[in-house]
1. Within the set of other residues whose C-beta is less than 14 Å from the C-beta of A17, count the net charge using Lys and Arg as +1 and Asp and Glu as -1.
2. Taking amide H positions as placed 1.01 Å from N in the peptide plane, with prolines and chain starts having none, which residues 5 or more places from V10, or on another chain, fall under 5 Å of its amide H?
3. Provide the gained length on full extension for the span T47 to S27, in nm with one decimal, where the gain is 0.36 nm per separating residue minus the Cα-Cα distance.
4. Taking 0.36 nm per residue of sequence separation and subtracting the Cα-Cα distance, how much length would be gained by fully extending the chain between V10 and L37, in nm to one decimal?
Amino acid sequence: ELPVEGFEPVGTRLDPAPDAPQTLNPSDISQVSVYILDKQQGPFEVTVSAIDATV
């Protein structure tokens, strides 16, 4: 299961997407992006166990 309740809709510059729906319907997902940004203070950790898709 993909924990979509933790997803946040953003635009191309990672700004909040004000016109996005408040709740995400998993069947509407067409793309998932993972951003790794530099110049951010504090500890960093990312764990991706798997990404899979069925078409």
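1. Result for the neighbourhood of A17: -3.
2. Those qualifying (amide H under 5 Å, at least 5 residues apart or on another chain) are A17.
3. Values: separation 20, 0.36 × 20 = 7.20 nm, distance 2.37 nm.
Net length gain for the segment: 4.8 nm.
4. Working: separation 27, 0.36 × 27 = 9.72 nm, distance 1.47 nm.
Difference between extended and current length: 8.2 nm.
Every number in this text was worked out from the coordinates using simple rules, so none of it is lab data. Nothing here was measured: the structure is a model prediction, and the numbers come from that model. FYI the Cβ positions are ideal-geometry reconstructions off the backbone, even for glycines, and counts take in every protein chain you see.
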